[in-house]
Amino acid sequence: MYDILIVGGGTAGLTAALYARRAGRSVLVLEGGGFGGQITASPLVENYPGIPSISGMAFADALTGQALDLGADAELERVAAARRTGDGFVLTAGGRSFSGRALVLATGAKHRKLGLSGEERLVGNGVSYCAACDGAFFAGEDVAVAGGGDSALQAALFLSKRCGRVYLVHRREEFRAEPCHVAALKKRENITLCLSRQVTALEGADSLTGVELTAAGGVRERLPVTGLFVAVGQEPDNRVFADLAELDAAGYVRAGEDCRTSTPGVFAAGDCRTKELRQLTTAAADGAQAAAAACSWLDQAGL
């Protein structure tokens, strides 16, 4: 029986583990993918206070090691079921059961797909959701990036250093990204902007050979690219916990800045909860707050 079960080994979950351990509480972190979360896909992090520049992987490795060195337990297993019991919560993962008195949900959010025919089939064969992970496979080749936010522009900038030409496809005329990223984008001669367009079809049987774009007026065109990097946002993965915490219409856990949910003993931190800004700094802040709230709740309950 752990004091606190934490679902998710990203920045929010690992920070929660760090703070809970410093408070003397026993902690188990369950992570279904890889420890570190989405930040591991960022080639360069330049907006974390006190750290002018660091790779996402280096940041994640340091945070993971910090939490483990403080005594947090960790299991690389995806939670398949969750239920409340008389003395806490039970999570089922990897065919085993794990019990805890309090629960912190830090499940993050996953990459949103385009929903096109052949998209799943071509993942790993031309379609990718991580430029930092797969960009090296397309050295010297022409690729496209779908999206208009910070992630999409960062992906395009990253790929422009390795690929031949990078087509950035965005359904609007204006970007939602930070001005510094937009300015950097416009300085790269091998990045072509395809604005007011959407990727509407994928070509290729065994591997991607091109994408079809459709403009706002319905005009279609073809881009002969061998890679498509999708960066069109994220969606939460909280369905397993729908009976333990209230979700909004989009599937995010309803929780305020205090990270408390509608269920006593359940807290939500990071990208998985309802919030305006989803950044590395806010994930870390949520993790600290969720751990503090969980420890306070345990103290008040005399546990």
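The values are calculated or read from the model by the stated rules, or taken from the named source; none is laboratory data. Because the structure is a prediction, the values reported are computed rather than measured. Here Cβ is always computed from backbone atoms with ideal geometry, including for glycine, and neighbour counts include all displayed protein chains. What goes into the accessible areas is simple: the full protein's heavy atoms, side chains included, and nothing from ligands, DNA or RNA. Shrake-Rupley method; radii C 1.70, N 1.55, O 1.52, S 1.80 Å.
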Given a 1.4 Å probe and heavy atoms of the protein chains only, how would you sort 137, 35, largest accessible area at the top?
137, 35
I need to check one value: relative contact order of region 1-84, counting alpha carbon pairs closer than 8 Å and at least 6 residues apart, in percent.
34 percent
How about the chain: what cysteines have no other cysteine beta carbon under 4.7 Å from their own?
163, 180, 194, 259, 272, 295
Accessible area in square angstrom per residue, region 227-275, 1.4 angstrom probe:
38 Å²
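Highest mean first, how do 169-181, 142-154, 11-23 rank when packing is the count of other Cβ atoms within 10 Å averaged over residues?
Output ranking for 169-181, 142-154, 11-23: 11-23, 142-154, 169-181.
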For region 1-133, what is the charge dipole size about the Cα centre, in debye to the nearest 20, if Lys and Arg each add +1 at the Cβ and Asp and Glu each add -1 at the Cβ?
380 debye
In square nanometres, what is one fourth of the surface area of the convex hull spanned by the alpha carbons of region 9-68?
4.1 nm²
Separation of region 233-257 and region 86-157 by C-alpha centroid, Å?
17 Å
Quick query: amide H of residue 144 versus all other amide H atoms, modeled in the peptide plane; which residues come in under 5 Å with a sequence gap of 5 or more or a different chain?
167, 227, 228, 229
Please go through region 177-214 and write out the GluC sites (Glu not before Pro) that DSSP classes as loop and that have at most 16 other C-beta atoms within 10 Å.
189
Output ³J(HN,Hα) for region 225-234: one whole-Hz value per residue in order, computed from phi by the Karplus curve 6.51 cos²θ - 1.76 cosθ + 1.60 with θ = phi - 60°, and x for Gly and Pro.
10, 9, x, 10, 9, 8, 9, 10, x, 9
Taking the highest mean first, how do the peptides 270-278, 257-265 order by number of other beta carbon atoms within 10 angstrom per residue?
270-278, 257-265
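Output the Kirkwood hydrodynamic radius of the chain, Cα pairs only, in Å rounded to one decimal.
20.4 Å
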Solvent-accessible area, 1.4 Å probe, carbon plus sulfur percent, for the chain:
48 percent
Given the C-alpha centroids of region 181-223 and region 18-83, what is the distance between them in whole angstrom?
35 Å
What percent does the relative contact order of the chain come to when contacts are Cα pairs within less than 8 Å and at least six residues apart?
21 percent
From the phi angles alone, apply the Karplus equation (6.51, -1.76, 1.60; θ = phi - 60°) to region 80-92 and give each ³J(HN,Hα) in whole Hz, x where the residue is Gly or Pro.
9, 7, 9, 8, 9, 10, x, 10, x, 9, 10, 10, 10
For region 98-222, what's the relative contact order in percent, using C-alpha pairs closer than 8 Å and at least 6 residues apart?
21 percent
Which of the peptides 291-297, 113-119 is most tightly packed, and how do the rest follow, going by the mean number of other Cβ atoms within 10 Å of each residue?
291-297, 113-119
Search the structure for amide H atoms under 5 Å from the amide H of residue 201, placed 1.01 Å from N in the peptide plane, and list their residues when 5 or more places away or on another chain.
212
Under a 5 Å amide H to amide H cut-off, with H placed in plane at 1.01 Å, what residues pair with residue 263 once short-range neighbours are removed?
246
How much area per residue is accessible in region 49-125 when the probe is 1.4 Å and only protein heavy atoms are counted (Å²)?
53 Å²
Show me the helices of the chain, taken as full DSSP H stretches, that run 24 Å or more along their long axis by Cα and average -0.5 or above in Kyte-Doolittle hydropathy.
280-300
